[in-house]
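Student: Let me begin by handing over the structure; questions about it come next.
The values are calculated or read from the model by the stated rules, or taken from the named source; none is laboratory data. Given the structure is predicted, the values throughout are model-derived calculations rather than measurements. All Cβ positions, glycine included, derive from the backbone under ideal geometry; neighbour counts span all protein chains shown. To get the accessible areas, we keep the full protein, side chains included, count just its heavy atoms, and leave off ligands, DNA and RNA. Shrake-Rupley method; radii C 1.70, N 1.55, O 1.52, S 1.80 Å.
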Amino acid sequence: MTDIKDPTPRSIELTRTATGHYTARNPAGAEITFGRGEGLLSPVELLLAAIAGCSSVDVDTATSRSAEPSEFRVEATGLKVVEENGANRLEDLHLSFHLSFPDGSAGRKAAGMVERLVALSHDKYCTVSRTVEHGTVVRHDVSVGVDGAADEAR
């Protein structure tokens, strides 16, 4: 079977707002501030949030058609590894889902779907965790300027 590529790129633009503080903005204008410092999620915590959030959307969308959850909490954890050459990465990524639904037929129906939905999200639908597990290459390019450099050349 041939892979089908969605031609719509996914993107954000990151802007530095202060030393160690950044704002990521999507094309629709939604934004999140993060970085290093009190009250900010770190980039690693954002990665964990993205993994948890991706699967949460999958599970929530399907279960809430039957019943509104009374609890919906997902813990995402990972261990930081520093390799011999000093390179950093995470391993042992783990999601722990804690959901409850009201007693009743609709709540029981929603609760009965959760394990299957979590597995489907992991195996098929969650773009974030599947990308991490797949090991997709991250490329980059750089454009650097010096303010006023053209004026000084005169």
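Student: Quick one: count up the residues across the range 6-41 that are of a type in the set (D, E, K, R), under 16 Å from the mean Cα position of the chain (by Cα) and assigned to a loop (DSSP other than H, G, I, E, B). Working first, answer last.
Tutor: First, the residues of the range 6-41 that are of a type in the set (D, E, K, R): 6, 10, 13, 16, 25, 31, 36, 38.
Applying the additional criterion that residues be under 16 Å from the mean Cα position of the chain (by Cα) yields 10, 13, 25, 31.
Checking which are assigned to a loop (DSSP other than H, G, I, E, B) leaves us with 10.
Residues flagged as of a type in the set (D, E, K, R), under 16 Å from the mean Cα position of the chain (by Cα) and assigned to a loop (DSSP other than H, G, I, E, B) within the range 6-41 amount to 1.
Student: Right, next: Just checking, which of THR23, THR2 is open to solvent by less than 80 Å² (accessible area, probe 1.4 Å), of a type outside the set (A, V, I, L, M, F, W, C) and closer than 24 Å to THR131 by Cβ?
Tutor: On the way: THR2 fails: open to solvent by less than 80 Å² (accessible area, probe 1.4 Å).
That would be THR23, the only listed residue that is open to solvent by less than 80 Å² (accessible area, probe 1.4 Å), of a type outside the set (A, V, I, L, M, F, W, C) and closer than 24 Å to THR131 by Cβ.
Student: Hey, another quick one. Report yes if VAL57 is without any contact (Cβ under 8 Å) to a residue 60 or more places away in the chain and either loosely packed, with under 11 Cβ neighbours inside 10 Å or among the basic types (Lys, Arg) (or both), otherwise no. Quick ask: steps written out before the conclusion?
Tutor: Working: without any contact (Cβ under 8 Å) to a residue 60 or more places away in the chain: yes; either loosely packed, with under 11 Cβ neighbours inside 10 Å or among the basic types (Lys, Arg) (or both): no.
In short, no.
Student: Give me the residue from the range 61-87 that is more than 24 Å from CYS126 (Cα to Cα) and of a type outside the set (A, V, I, L, M, F, W, C) and, out of that set, most open to solvent (accessible area, probe 1.4 Å).
Tutor: GLU84
Student: Answer with yes or no whether VAL44 is over 27 Å from ASP3 (Cα atoms), hydrophobic (A, V, I, L, M, F, W, C) and either in a strand (DSSP E or B) or open to solvent by less than 70 Å² (accessible area, probe 1.4 Å) (or both).
Tutor: Numbers: over 27 Å from ASP3 (Cα atoms): yes; hydrophobic (A, V, I, L, M, F, W, C): yes; either in a strand (DSSP E or B) or open to solvent by less than 70 Å² (accessible area, probe 1.4 Å) (or both): no.
No, not satisfied.
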